[in-house]
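Just below is one structure, and these are the notes that go with it.
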Amino acid sequence: MIPGPHTSETYMRHLFTAAAIAIFAGGVLAQDRVTLANGDVLTGTIKSMADGKLVITSALLGDITVPMTNVSDVVTKEAVTLETATGDRLLNRKILGLEGGNLKLEGATTSLAMKDLGKINPPEKVEPKWTGSVKLSALWTDGNTDRRAVGAAFDASLRREDDRISVDAAWDYSEDKDNDSTSATFRDWKLNQRRAGGGIKYDYFISKKWYVLVTSRVLGDTLADIQLRYTGGLGIGYTWVENDTTTFLTEAGLSYFNENYRTPGVESVDYMAARVAYKLTHAFTDKTKMVHGVEAFPSLEDGADFYMQAKTEIVTSLTDSMIASIAHVLDYDNTPAPGRDRTDNRVLLSVGWSF
């Protein structure tokens, strides 16, 4: 029997309809599927899962967020990246379904318990990098007071997942010209500041809040008659607050304290000390922040021996990389070198660059 014109048109329409249905069904089957506890099925592409919430992207509805407690089954068309609750990443694998509280994975000899699943398609981890600043200061006056001064400071830190390294260094130099015409040193330059020092600290995190630390610092200060002050010790720290605007931490431990003087015949001082410290960083705006910290070394051998430094600094961004700062530094040594004051106060105005 030869089909008539109407029969041929009907046949072709049915053929096209069947093809369209097959293509549509194939597209649906090729998508990721999330089955909810009430039987509803969401199709699309699983974008991510974190903090107990799954996000699936639908071509019609956009991003849909579903609590994992409402999900009864998950199937993916392509391999996804899985991260465990402890942060370990697994090989990319297809999810074949959810059964008995476990994810069935393609090509895996064992399944992954849902309680051990941390994230699906987590963001790529950014490699940690050093951050810090380099600052310079200078002063020149001419007239009744002739003074020339220069200074430099550097600080940097590297924060990784399990540890943190912090380093810093500073140098200050200043001279005044003797303008007393009756003085034997008239018109000579006289040193009134020469100070250099630095430190390094290593923190290892044993939890999100607690960390153990090793720290060491050196300092030389001509006007304070200090040839070398050295401290080195270890301790434990706790981070009380850490968010986008504020960080506050405290530290305590033991430290060796040694101080050698420039004046011949003056006996050096060394003892075991406690080390207590805190540091507060607070961002007032996205461009201006305050950094305040105190570090103290009370002797465990003689109550009269006590050294402390307190620093408060305001830093503001002038451009994307250029910064300006004003800082007040207080040094207190209860047993200074003979003939020297217990307290030194310094106010530093600097400009520099951040990285």
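For segment 222-233, a residue qualifies if it is in a strand (DSSP E or B) and over 30 Å from Tyr211 (Cβ atoms), and the qualifying residues are Ile226, Gln227.
Being surrounded by fewer than 17 Cβ atoms within 10 Å (Cβ to Cβ), within 15 Å of Arg217 (Cα to Cα) and polar (S, T, N, Q) is the filter here, so list the residues in segment 236-259 that pass it. Passing the criteria: only Asn258.
Filtering segment 281-291 to residues that are buried (at least 17 other Cβ atoms within 10 Å of the Cβ) and under 21 Å from Tyr238 (Cβ atoms) leaves Thr281, Val291. Residues in segment 80-93 include none that are more than 15 Å from Lys119 (Cα to Cα) and loosely packed, with under 13 Cβ neighbours inside 10 Å. What's the total number of residues in segment 107-137 that are closer than 20 Å to Glu78 by Cα and either loosely packed, with under 13 Cβ neighbours inside 10 Å or under 27 Å from the mean Cα position of the chain (by Cα) (or both)? Qualifying residue count, segment 107-137: 11. Within segment 234-246, one or more residues are more than 23 Å from Thr312 (Cβ to Cβ), in a strand (DSSP E or B) and either in contact with a strand residue (DSSP E or B) (Cβ under 8 Å, 6 or more places away or on another chain) or not assigned by TED's automatic domain parsing to the domain that holds Gly339 (or both).
Which count do you get for residues in segment 344-355 that are among the basic types (Lys, Arg) and part of a loop (DSSP other than H, G, I, E, B)? Quick ask: steps written out before the conclusion?
The initial filter retains those residues of segment 344-355 that are among the basic types (Lys, Arg), namely 346.
Add one more test, that the residue is part of a loop (DSSP other than H, G, I, E, B), and what stays is none.
Here the count works out to 0.
The residue that is surrounded by the fewest Cβ atoms within 10 Å (Cβ to Cβ), counting only those in segment 176-197 that are over 13 Å from Arg148 (Cα atoms) and either of a type in the set (A, V, I, L, M, F, W, C) or in contact (Cβ under 8 Å) with a residue 40 or more places away in the chain (or both), is Ala184.
For Ala274, indicate whether it is at pLDDT 95 or above and either surrounded by fewer than 17 Cβ atoms within 10 Å (Cβ to Cβ) or of a type outside the set (D, E, K, R) (or both).
yes
Residue count for segment 247-271, restricted to those that are within 15 Å of Pro336 (Cα to Cα) and either in a strand (DSSP E or B) or not assigned by TED's automatic domain parsing to the domain that holds Phe297 (or both): 8. Among the conditions (1) out of contact with any Pro (no Cβ under 7 Å at 6 or more places or on another chain); (2) of a type outside the set (D, E, K, R); (3) assigned to a strand (DSSP E or B), Leu158 misses just one, which is (1). Being of a type in the set (Phe, Trp, Tyr), assigned by TED's automatic domain parsing to the domain that holds Thr245 and over 29 Å from Leu234 (Cα atoms) is a condition met by no residue of segment 302-323.
Trp140 falls short on exactly one of the conditions (1) part of a strand (DSSP E or B); (2) surrounded by 14 or more Cβ atoms within 10 Å (Cβ to Cβ), and that condition is (2).
Number of residues in segment 149-190 that are modelled with pLDDT under 95 and touching a Gly at 6+ places or on another chain (Cβ under 7 Å): the value is 0.
Among the residues of segment 306-313, at least one is in contact (Cβ under 8 Å) with a residue 24 or more places away in the chain and over 25 Å from Ser133 (Cα atoms).
The values are calculated or read from the model by the stated rules, or taken from the named source; none is laboratory data. Fair warning: this is a prediction, and the values are worked out from it, not measured in the lab. Quick reminder, even Gly has a Cβ in these numbers, built from the backbone with ideal geometry, and neighbours come from all protein chains shown.
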